[in-house]
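Remarks on the structure that follows.
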Amino acid sequence: MADYYSEKRREYDARVAADPMGPLPRPERSYKYDVIVCGGGTSGIAAAVAAARGGAKVLLIERNGSIGGQMNVSGPPGFSYAYLYNARGERVIDGFIGETHRRLMEMGHARPSDLNEYRSGSDYVFSYVDPEWWGLLMFQIMAEEGVTLLLHSLVVDVIKNGDNVVGVVVENAEGRVNFEAKVVIECTGEGDIAVRAGCEYELLPRDDCEPQSVCFTMDGVDWDEFLAYVKAHPDQIDPRGNPERSKEERYEIIRNIKDVGEFCEIMGFYNFLKIAKANKEWHDFAGMGFFFAPRPDVGRYQAHFQHSAQVPGIWSCDPWDLSYAEQEARRQCVIAANGFKKYIPGFKNAYITRVGVELRLREGRRIMGDYVLKRDDVANGQRFYDCIGKNTFAAGAVHVANANTLAVGKYGYASPPDKGSYDMPYRIMVPRKVENLLIAGKHVSAERATYQRFLQETMVTGQAAGAAAALCVKLGVTPRQLEAEEYIKELQNILRSQGVILEGVH
């Protein structure tokens with residue numbers, strides 16, 4: 001495993017040790033960088049760190065005052081981190097994800113990966129972190145690695161020389177400002193900058209898009225009462241774990257669970273849902289369920305609701321749609337919180353501690369690149385010469401705004417053969433027709449069925465894009481030229497040195 005105590009971090013630690021209460025040094029005000037990352041979500045953070053570790057001078061631009069995106073701004077996601085293992089129990093995703101999980105474990109703000117009996121035999125395994133402490137750690141890592149942050153700033157356009165992107169245009173309290181870059185990485189999540197650069201993209205009709213959602217978290221749950229109910233009524237939840245086990249076998253595992261946190265997430269409550277809907281005390285846009293939000297340092301769990309406020313028919317690129325969805329989702333948050341308090345055992349005295357700052361945007365543009373990741377690539381466990389990371393997440397599953405919450409989309413379901421994984425190729429990050437631009441995050445080049453929007457996927461492509469951008473600067477080549485096998489091998493060696501898994505697993 002790579003040593004994440006980098007030389008930069010050692011220098012940072014030494015400075016802090018010399019003056020523990022002293023402020024961070026202010027960065028220089030510069031308008032020229034090797035790499036500019038647009039967007040400070042999960043992909044943008046990973047990209048900025050990887051580029052800085054590659055020796056690049058990096059600027060990360062974010063419209064909010066916080067970084068973290070779907071982890072701790074529009075999240076926290078209940079599934080942080082999930083799908084790092086395939087259904088065989090092999091670790092398939094590591095690198096920056098693993099580094100941050102291990103660091104938070106050392107700090108007492110993460111749980112070990114939940115490879116317990118209940119979830120074994122499934123790739124839906126959790127490696128929980130406390131998202132608030134994760135966000136604080138990300139700011140520290142930016143300081144350690146020398147990444148310059150420009151927050152409260154919106155990238156509104158790109159600067160081009162022919163087909164070459166040579167910078168970005170930013171609006172903030174300073175006005176409209178131009179920044180120069182040798183490579184720009186698009187990590188906005190919605191592809192806004194790529195579109196302004198002239199990239200090709202796909203966008204589903206409104207009614208085909210997955211619902212957008214707002215999350216909320218509740219504390220004050222009597223977990224002993226809750227666990228007693230679930231153990232007495234295992235048929236009222238959707239049992240997880242090895243699908244080769246019968247339902248009764250899985251029910252028996254549930255009856256023997258000692259720690260409620262082993263569930264990690266839980267869906268169902270079928271009888272209560274039926275009664276609540278009949279009494280007009282539950283809305284029509286989601287079923288009942290929640291994730292667990294552990295606070296490991298104090299040994300507590302909170303309930304995190306990620307699917308309970310969902311708004312269909314919303315385009316992520318339409319501000320009028322988004323404004324309506326923000327309001328409607330919060331109406332549903334109130335209904336869902338009250339419904340759980342009234343009907344679900346253990347929730348009588350529960351209370352909301354946090355509501356997501358903004359919509360979690362599940363569906364938006366996909367930027368078409370030199371390769372389009374296909375459903376058949378997942379079904380075949382495809383291997384690519386330009387692999388930049390592994391993935392075990394199945395193709396074709398979607399969220400739906402009804403009591404089922406989850407469904408198989410019209411493009412069909414596919415999972416990797418032999419409970420294994422498939423490769424994520426570098427070329428899905430290189431947009432067609434436009435040069436000096438890399439795409440990372442949920443809008444990389446993929447068919448709808450293989451939409452790479454989940455947190456672990458965005459961090460894999462983010463880390464790879466950052467490493468690739470720094471290598472482009474070092475070699476004096478464009479991201480498209482980096483597709484040559486000789487350069488790809490060099491990129492892969494860099495990713496391996498950072499702990500990324502590229503081979504050795506099914």
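If a spin label sat at a point 7 angstrom from the Cα of Glu11 along the line to its beta carbon, the backbone N atoms of region 134-161 nearer than 12 Å would be those of 144-147.
Phi angles of region 16-33 translate, via the Karplus equation with coefficients 6.51, -1.76, 1.60 and θ = phi - 60°, into HN-Hα couplings of 5, 4, 6, 8, x, 9, x, x, 5, x, 6, x, 5, 8, 10, 10, 10, 9 Hz per residue; Gly and Pro are given as x. Descending by average beta-carbon neighbour count within 10 Å, the peptides 360-370, 155-165, 402-412 line up as 360-370, 155-165, 402-412, the highest first. Computed over the Cα atoms of region 324-471, pair by distinct pair, the Kirkwood hydrodynamic radius stands at 17.5 angstrom.
Antiparallel as a % of all DSSP beta bridges within the chain, to the nearest 5? Let's see the in-between values first.
Working: 46 of 64 bridges.
The answer is about 70 percent antiparallel.
For region 249-295, the alpha-carbon radius of gyration amounts to 1.42 times the rule-of-thumb value 2.2 N^0.38 Å expected for a compact globular protein. In the chain, the ratio of gyration radius to Kirkwood radius, Rg to Rh, stands at 0.96 when only Cα atoms are counted.
Could you give the length gained on full extension between Tyr31 and Lys348, defined as 0.36 nm per residue of separation minus the Cα-Cα distance, in nm? Don't skip to the answer; put the middle values down first.
Numbers: separation 317, 0.36 × 317 = 114.12 nm, distance 5.44 nm.
So the extension gain works out to 108.7 nm.
Kirkwood hydrodynamic radius, computed over distinct alpha-carbon pairs, for region 1-107: how many Å, to one decimal?
Details: mean 1/r = 0.0618 Å⁻¹.
One over the average 1/r among Cα pairs gives 16.2 Å for region 1-107.
With Rh defined as the Kirkwood radius, the inverse of the mean 1/r over Cα pairs, the Rg/Rh of region 432-506 is 0.97.
For region 208-355, compute the orientation-averaged projected area of the C-alpha convex hull (one quarter of its surface), in nm². Walk me through the numbers on the way to the answer.
Working: hull surface 40.8 nm².
Reported value for the Cα convex hull: 10.2 nm².
Once backbone amide H atoms are built at 1.01 Å from N, Leu373 has Ala446, Glu447 as its partners under 5 Å, excluding neighbours fewer than 5 places away on the same chain.
Under a 5 Å amide H cut-off, with hydrogens placed 1.01 Å from N, Asp94 pairs with Ile501 among residues at least 5 apart or on other chains.
Remark: region 385-401, residue by residue, has Karplus-estimated 3J(HN,Hα) of 5, 10, 4, 10, x, 9, 8, 10, 5, 5, 9, x, 6, 9, 8, 10, 8 Hz, where x stands for each Gly or Pro and the curve is 6.51 cos²θ - 1.76 cosθ + 1.60 at θ = phi - 60°.
Rounded to the nearest 0.05, what FRET efficiency is calculated for Asp222 and Lys410 with R0 set to 35 Å and r the Cβ-Cβ distance?
On the way: r = 42 Å, r/R0 = 1.19.
The value I calculate is 0.25.
Placing a pseudo-label 7 Å from each Cα along the Cα-to-Cβ vector at Arg331 and Asn172 gives an inter-label distance of 3.7 nm.
Number of Lys-Lys pairs in region 208-355 with C-alpha atoms under 27 Å apart and a separation of 8 or more places or on different chains: 22. Take the Cα radius of gyration of region 262-347 and divide it by 2.2 N^0.38 Å, N being the number of residues; the result is 1.23. Between Gln481 and Asn164, the distance separating the two model label sites (each 7 Å from Cα on the Cα→Cβ line) works out to 0.9 nm.
Couplings for region 186-195, taken from phi via the Karplus curve 6.51 cos²θ - 1.76 cosθ + 1.60 with θ = phi - 60°, read 8, 10, 6, x, 10, x, 4, 6, 4, 5 Hz in order; Gly and Pro are left as x.
Oblate is the label for region 68-111. Its Cα gyration tensor axes, ordered a ≥ b ≥ c, give a/c of at least 1.5 and b/c at or above a/b.
Taken as Cα centroids, region 313-360 and region 451-506 sit 37 Å apart, rounded to the nearest whole angstrom.
Full-extension gain between Arg245 and Lys474, please, as 0.36 nm times their residue separation minus the C-alpha to C-alpha distance.
My answer for the length gained is 77.2 nm.
Annotation: extensible slack from Asp376 through Arg496 equals 40.6 nm (criterion: 0.36 nm per residue apart, minus Cα-Cα distance).
Where a number appears in this text, it was derived from the coordinates with a stated rule and is not lab data. Bear in mind the structure is a predicted one, so any value in this text is a computation, not a measurement. Positions of Cβ are generated from backbone atoms using ideal geometry, with glycine treated the same way; all protein chains shown enter the neighbour counts.
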